[in-house]
Amino acid sequence: MIEVKNNRTPLIQKLATFLATGLYVGYSPYAPGTAGSLLGIIIFYFLPSTNPLLYGIILFFSCVAAIWIVSVAKASFSTKDPSPIVCDEVVGYMVSVFLIPFSIFNAIILFLLFRFFDIVKPFPIRAIDKKIENSFGIVLDDIAAGIYANALFHLLRKFAVL
């Protein structure tokens, strides 16, 4: 997996920490993961959801970047999955809104679904969270939560619940 030794310059370390903490929203004293997901709503508003190819490319590179950023930023923290690191929540939320047009309703429903799956961690999300103890695992469990939220949203829309 992608792991980096902490041989980065202080500027790279600070930049990675800034991005990993979601522009410092991860330092919120209350529910930093939720704050990171709220940042995802802002990104959702500005991303070109009408162009699935462009969104898919941005999403792919965001996921890869998040893994690298978490790997570098983790050196600034002392725990396995530091709560101030929220770029994984941002990327997970971006996955949850893939192929869904922006509307306030969609953004809120997907926010709630994503947070539910991220907190409850149904199979295999909990297994990913427990067994993959590197930056890839930190990001992958949120990607999985985003996939669950996206799939459930599409099912609810198909059966006219939403």
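Laid out as a table, the results:
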quantity: Any hit, the stretch 122-133, residues being out of contact with any Pro (no Cβ under 7 Å at 6 or more places or on another chain) and crowded, with 24+ Cβ neighbours inside 10 Å; calculated: no
quantity: Residue check, Val70 touching a residue at least 12 places away in the same chain (Cβ under 8 Å), more than 30 Å from Ala160 (Cβ to Cβ) and touching a Leu at 6+ places or on another chain (Cβ under 6 Å); calculated: no
quantity: Residue satisfying condition, being within 24 Å of Pro84 (Cβ to Cβ) and at pLDDT 90 or above, within set Ile109, Ile143; calculated: Ile143
quantity: Any hit, the stretch 95-107, residues being in contact with a His (Cβ under 9 Å, 6 or more places away or on another chain), of a type in the set (A, V, I, L, M), surrounded by fewer than 16 Cβ atoms within 10 Å (Cβ to Cβ) and closer than 30 Å to Val161 by Cβ; calculated: yes
quantity: Residue among Gly22, Gly56, Gly33 that is assigned to a helix (DSSP H, G or I), among the small types (Gly, Ala, Ser) and surrounded by 13 or more Cβ atoms within 10 Å (Cβ to Cβ); calculated: Gly33
quantity: All positions within the stretch 127-143 that are closer than 21 Å to Leu113 by Cα, touching a residue at least 24 places away in the same chain (Cβ under 8 Å) and aliphatic (A, V, I, L, M); calculated: Ile138, Val139, Ile143
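The values are calculated or read from the model by the stated rules, or taken from the named source; none is laboratory data. Here the structure is a predicted model, which means the values were calculated and not measured. Methodologically, a virtual Cβ is constructed for each residue, glycine included, from the backbone with ideal geometry; neighbour enumeration extends over all protein chains shown.
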